[in-house]
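Here the structure is laid out as C-alpha cells; the discussion comes afterwards.
The values are calculated or read from the model by the stated rules, or taken from the named source; none is laboratory data. Everything quoted here is computed from the prediction, not taken from an experiment. Reconstructed Cβ throughout: ideal geometry from the backbone, glycine too, with neighbour counts over all protein chains shown.
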Amino acid sequence: YENNIPQFFQTNSYKDGNELRRVAKPILQKTVRLDEDKSLNLHKKNRFTLDLDKMIRTEPGAMYRVTIAFRREYNAYNCKAGEETAGDGDGEEEYGDGDSYGEKIDEDDDFWMRYNNYYPQNYRWADKDNPCTSSFYTTQRWASRNLIASNIGLVAKRGNDNSMLIVATDLLTAKPLSGVDLELMDYQKQIIFTTKTDGDGFARFDLKRQPFLLIAKNGSERGYLKLDDGSSLPLSRFDVGGDVVQSGLKGFIYGERGVWRPGDSLFVSFILEDKQKKLPANYPVTMEFYNPKGQLYKRLINGKPLNGFYSFKTSTENTAPTGNWMAKVKAGGATFTKTLKIETVMPNRLKIDFNVGNRTYLSSGTSAATLTAKWLFGSPAQNLKAKVDVNLNTTETKFKGFEGFSFDNPTINFESQVKTIFEGSLNGAGSAQINTNLNENNTAPGVLRANFTTKVFEPGGNFSIDNFSIPYHVYNSYLGVRPEKGDKLSGMLVTGKDHKIDIVNVNTDGKLLAGSKTVQIELYKTQWRWWWEQDNQYTYSNFTQNQYNKLVETHQVNLSNGKGTWNLRIDEPEWGRYLILVRDENGGHVTGKSVYVDWPGWAQREQSANPTEASMLSFTANKEKFTVGEDITLTIPTAKDGRALISIENGSRVLKTFWIDTKAGQTQYKFKAEKEMAPNVFANITLLQPHAQTINDLPIRMYGAIPISVEDPQTILKPTIKMLDKIKPETENTITVGEQNGKAMTYTIALVDEGLLDLTRFKTPDPHGAFYAREGLGVKTWDLFDYVLGAWGGNLERILSIGGDGSINKNLNPAKANRFKAVVKFMGPYTIGKGENKTHKFKLPQYIGAVRAMVVAGQDAAYGFAEKSVQVKKPLMVLATLPRVIGPGETFTLPVTVFATENNLKNVSVQLQASNLIVQGTNKQQLYYQKTGEQMAYFEVKAPDKVGIAKVKVTAQSGNEKTDYDVEMDIRNPNPYITNVVSATVQPHTKWAVNYQPIGMAGTNSGSLEVSSIPAINLGKRLGYLIQYPHGCIEQTTSGIFPQLYLDRLSPLNEQQKAKTEKNIKAGITRLKG
C-alpha cells in the first residue's frame, strides 16, 4: 500500500521482501499452466511472459511483489516409481521460519505460514537437489520481483555539507520532469523537507537533518528513492580518492618543530578555512591533547582567532610519557588531528647531509652518495669520525598506473638487517663518499626501503644523527599480476568459468618494457592452516612445494610490449585457495597472487558480468590540470538521442549541473575552469537513454566520474623574510615580514634550533599544500535506474564498493636536570595590510649553531610559507659535553671544544665553574691558536656523595671576547629504595630503647616512629608507596587515590605530604575522566 511504502523501505531495498506481512496483503494466487502449447518441449529451456494487467488492477503509488513458485505435483520430470516418496518419511526437524506474529492475526494466517516457511515438512538436506522429493521445493527456488507502475526517474545527490540536488526525469523519453512534488522523510517517516522541481527537472536545497527516503509525486504517479549511505552508487572503480572535507570546513594543524622533550613548551597553531562562511569570525575552537595511551591530558579553548588563525601554547610535564601524542581540534562539527612526538632527544650540533643527487631511488648500478657534515654555525666538521648504517625493509611494490597489480613475491620471507657501509673519518672539508651498492642478489620479494642512519662524532664524544630513507631496487624489472575481480562481497572466483589474469612487466621507473618476453605461470593448490596463518591468509612466507602446496599446472605466456594475459579455469569438483606465481625465466623477479575459487552456489552474490561492469561509463578530459580561466573539454562515448547529466562536484557539494543532448559516437562538452573549482573537481556524468529505444543493448543509465585538477595562482601567498644571515645570541635582533606581491596576510613566526629540526628532517609547514591537496569526492549519488524493468537485456551489476570512495615517579613533576634549553621563539599571529611590512624584535638565549626562521601565512583562502636559515655565532664559542647522568662519588672527564673564528683570537682562557660537583685539579686552562679553528680542553670532575642536580658553567675569554656555556646534569643513585624495620612490643610499666643508625645516602634517608595499641601496620612505609602519582589501570588508580582522601585523619601529614596527596587526587580524577 502507498502509505506503507516508507515502512517497507526501513528494512528493504527495491528488490527485497523482508517483513512483508507488516505492510502488505496477498491479493492473488493463481496457477498458470505452461503446457497449453503442445508444440513446446518442456524438457528444454523456454521463456514465458505474464500479463499482469489481466490478473490485477494496480493501485497508483502502490508496490506489488510478484512471486513465481512451483510445487512437486507440477514436476514434468520423469521420476522413477517409488522415488517420489523416497526420503519423505523420517526427515530432519522442520526448519520453518514460522511467523513471528503468531496465529489468528487475520484471515491470511495460512498464506503467511506457507510463504514464510523456508523448508517443507520432512526436509532432508541430502535430497535438496532431487526434484522427485519434497526437499527440492524450497523458497530458495522461487523467483520474486517488486513492481511499481511509474514513469518517474530519480537521481539524488548529497554533499558532505548537507546540500542536496534532486533530478526528476521521464523514463520513456529521458527528458527532465518539471513541477514534480518532492518529499523527503527521515528514518522515522517524518517529512523534513518539501519542494518542486524546476524547468530542468532540478531541485536544489540544504538540509539540517539526514534524509532517508525521497518520494516524488507527479499526478497519480509515484517514485521512491532510498537515501541511506549503503544504497548510493558505488564509485570504487573510479579515481575519486583524496582528502575528506568535513561539513564544508578545512583545517590545518602545525607545530614549530617535529619533536618535543617531556617538559617542553608546545606552540601548536590551527588554521580554519570556512569558504561558505558557516561559522562566525570569532568562533571558539577547542584543542585537546591526548597522551600515547589515548588519555585526555589537557583541553584548551581559543575564542579570539585572527583571520582564522588560532594559536595554542601548552607544555608537558617532566614525567610525561614519551611516544606519539595527539592534538585534536574540534570546530563546527568537524574534527582535525595531528600526531605530536614527545621523545627524550638531544639536538644535533652538526649539520649532516646524506646526498644522493636527483635520484628518487637507488639500485645496484647507482653511483656513490656524498656525506657532508659541518657545525651548525658553518665551520666544516674537519676529520671527524662518522658511521653510516643501512637497514633494509620490505615495502609494498607499487607503480603509478598499475593499481590492483601485485608486484611482490609472497613466497619470500625477507628479514630486515642492519649493515655498516661506512665507518671512518671525514676529510678536511668534512665530507666522504659512501658506496650505496648493497648487493642483495635477488633475495627480495620486490622493492626494498633503504633506511640510512648517519652518526658524526664530535671530538668530545657526543654525536649528531641523521636518518634518510629511499627505495632500493634489487631487480632491473618487475612482473605484475592482477586476477579478475571476484564475487562482490567475498572476492571469490567461481568454478567452471575462465577468469582473465593480467600480467605486466615494467622497469624500475614503472614503464612497460618494449619487445617480447616469455614468462612462466605456476599454479599451486594451497591449504591455509588457520592456527598459525590466521593473521594473513594471503602471504606464503613459509612456502614450500609439498602436500600442502601442490603444483597443479605450469604454462608459458608470451608478453608483448610488457603486457600479456592468461586464463585461469578451475572445474568442479575442485575448489579452494590457489596461488598464482609468475616467474621471469631469466632468473629475475617473481610475483604472485592468491585467489579463492569455489562453486557458484557458494557465492553470496552473483559474479560480475565482466570486470568493467555494464553500467560503467568511461570518458576523458582534454588534459589533467587546468588553470583558472582555461577551457575544459569532456569527450563522452554516447548513443543517439540520449541525455547526459553533467555534474561538477568537489569534496563538499555539487557546484554546477548541465543537461546535454547526445549524438551517435561521441559527444563533447566544454566549460570554463573557475576559481571555486580549485584544487580539483570531479566531472560526474549520468548518461540516460529513453526506455523505449531498441537500437542498442546498453543500459538506460551509465555513470562515471573523473578528477580534474584546477590551479588558481591567486591562492598562493609568497611571504618574505628580511634578517641578517648571521646573528649573535643574547643580543637584540630583528626580523621583517612582508609579501612579495604586496598582498595582505596573517602569519605566525617561529625561530627554531636547526639541530632540533634536523632530528626529524622537519619541513616548514606548508598550508597551501594542505588546503589545496586533492580532495576526495564528497558527493554521494543515488538513482533508481538499476531497478527499471526491461531497461536492459542483461543483469545490471553494481560496481563494487568496499572500504569507502586515496615510568613510575616519586611525584607528579619532580625537578630534573634540563640537559639543554630548546632554542624556540614563537610569535603571532600577526596581520599586515596590502603593501605593508612589519618588523619584530627578538633575543635568542645563550646558544651557538643555527636557527631556521619560519613564516606560515594565510588570508582569504590564499596561503604560503617562507623560511630562512640563520647562523648564530660569535667570534669565540665554546661547547661542553657531559654525561646524561652520573652516580654519587663517580668521576668523569669533561671535554670542552673551543672555536676561534677570527685571526686576532690567539690566547684563550678556559675556566670551569661547577655547582654540586668537585673539580679535581685545575679549573683553568690556556689555549693558543696559530690560526682559526677548534681546540679541546679537558677537566677532571667528581660527583659528591649525594643526589641532586649538578650545574656546570664553562667560560672562554680572549681579550674583550667572552662566551659562556651552561649545562645541567642529574646526580642519581641507581640503587633501589630500601626500608629497615625494627619492631618491638613494650610491656606495661616498661621502657624500650634502641640505637638508631640511619641507612642509605645522606639526603635520601628518613625515619619514622609508629606507636600503636594494636599490632603495627607499618604505616610509615606504606605511606611512601601510597603517596605517589596514580599510574596503572582504572582499578589501581582508584585504589591509590581513594585512601588519600582520608589520609590526614589516619596519620598527621606535613605540608609537603598534603600538597603531594592533593596533586595525586586531582591527577587521578583527571586520568579517570580521560
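Figures for the structure shown
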{"read-out": "Flag for residue 283 being surrounded by fewer than 20 Cβ atoms within 10 Å (Cβ to Cβ), aromatic (Phe, Trp, Tyr) and under 29 Å from residue 163 (Cα atoms)", "value": "yes"}
{"read-out": "Condition broken by residue 62, with the remaining ones in (1) within 30 Å of residue 187 (Cβ to Cβ); (2) not in a loop (DSSP other than H, G, I, E, B) satisfied", "value": "(2)"}
{"read-out": "Residues of segment 962-983 satisfying the condition of being farther than 29 Å from residue 346 by Cα and out of contact with any Phe, Trp or Tyr (no Cβ under 9 Å at 6 or more places or on another chain)", "value": "977, 978, 979, 980, 981, 983"}
{"read-out": "Count of segment 432-456 residues which are surrounded by fewer than 18 Cβ atoms within 10 Å (Cβ to Cβ), farther than 27 Å from residue 505 by Cβ and modelled with pLDDT of 90 or more", "value": "4"}
{"read-out": "Selection count, segment 405-418, where residues are in contact with an Asp or Glu (Cβ under 8 Å, 6 or more places away or on another chain) and at pLDDT below 90", "value": "1"}
{"read-out": "Unmet criterion (only one of (1) surrounded by fewer than 22 Cβ atoms within 10 Å (Cβ to Cβ); (2) at pLDDT 85 or above) for residue 105", "value": "(2)"}
{"read-out": "Hits in segment 30-65 (condition: under 30 Å from residue 220 (Cβ atoms), surrounded by fewer than 12 Cβ atoms within 10 Å (Cβ to Cβ) and of a type in the set (Val, Ile, Thr))", "value": "32, 49"}
{"read-out": "Among (1) modelled with pLDDT of 85 or more; (2) in contact with a Pro (Cβ under 9 Å, 6 or more places away or on another chain) - the single one residue 77 does not satisfy", "value": "(1)"}
{"read-out": "Scope segment 311-328; condition in a strand (DSSP E or B) and at negative phi; matching residues", "value": "311, 312, 313, 314, 315, 324, 325, 326, 327, 328"}
{"read-out": "Odd one out for residue 348 among (1) more than 30 Å from the chain's Cα centre (by Cα); (2) part of a strand (DSSP E or B); (3) crowded, with 16+ Cβ neighbours inside 10 Å", "value": "(2)"}
{"read-out": "Test set (1) crowded, with 19+ Cβ neighbours inside 10 Å; (2) closer than 29 Å to residue 850 by Cα; (3) at pLDDT 90 or above - residue 387 fails condition number", "value": "(1)"}
{"read-out": "Search result, residues across segment 164-179 that are assigned to a loop (DSSP other than H, G, I, E, B) and either of a type in the set (Gly, Ala, Ser) or closer than 22 Å to residue 684 by Cβ (or both)", "value": "171, 174, 175, 177, 178, 179"}
{"read-out": "Qualifying residue in segment 874-884 (condition: part of a loop (DSSP other than H, G, I, E, B), surrounded by fewer than 21 Cβ atoms within 10 Å (Cβ to Cβ) and in contact with a Phe, Trp or Tyr (Cβ under 7 Å, 6 or more places away or on another chain))", "value": "yes"}
{"read-out": "Every residue from segment 136-159 that is in a helix (DSSP H, G or I) and at pLDDT 85 or above", "value": "136"}
{"read-out": "Within segment 778-789, tally of residues that are part of a loop (DSSP other than H, G, I, E, B) and either modelled with pLDDT of 95 or more or of a type in the set (D, E, K, R) (or both)", "value": "0"}
{"read-out": "Residue within segment 702-725 that is over 30 Å from the mean Cα position of the chain (by Cα), part of a loop (DSSP other than H, G, I, E, B), surrounded by fewer than 18 Cβ atoms within 10 Å (Cβ to Cβ) and not hydrophobic (A, V, I, L, M, F, W, C) present", "value": "yes"}
{"read-out": "Index of the failed condition, residue 3 passing every other in (1) over 43 Å from the mean Cα position of the chain (by Cα); (2) surrounded by 12 or more Cβ atoms within 10 Å (Cβ to Cβ); (3) not in a loop (DSSP other than H, G, I, E, B)", "value": "(2)"}
{"read-out": "Long-range neighbours under 7 Å by Cβ, at least six apart or interchain, first residue within 18 Å of residue 378 (Cβ to Cβ) within segment 744-762, second of a type in the set (Val, Ile, Thr) and crowded, with 24+ Cβ neighbours inside 10 Å", "value": "751/851; 752/851; 753/851; 754/851"}
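Condition check ((1) touching a Phe, Trp or Tyr at 6+ places or on another chain (Cβ under 6 Å); (2) modelled with pLDDT under 90; (3) surrounded by fewer than 16 Cβ atoms within 10 Å (Cβ to Cβ)) across all residues:
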position	(1), (2), (3)
205	no, no, yes
213	yes, no, no
218	no, no, no
223	no, no, no
230	no, yes, yes
235	no, yes, no
248	no, yes, no
254	no, no, no
258	yes, no, no
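Conditions tested, residue by residue: (1) touching a strand residue (DSSP E or B) at 6+ places or on another chain (Cβ under 6 Å); (2) surrounded by 17 or more Cβ atoms within 10 Å (Cβ to Cβ); (3) in a strand (DSSP E or B).
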{"residue": "635", "(1), (2), (3)": "yes, no, yes"}
{"residue": "646", "(1), (2), (3)": "yes, yes, yes"}
{"residue": "651", "(1), (2), (3)": "yes, yes, no"}
{"residue": "657", "(1), (2), (3)": "yes, yes, yes"}
{"residue": "663", "(1), (2), (3)": "no, no, no"}
{"residue": "671", "(1), (2), (3)": "yes, no, yes"}
{"residue": "681", "(1), (2), (3)": "yes, yes, yes"}
{"residue": "685", "(1), (2), (3)": "yes, yes, yes"}
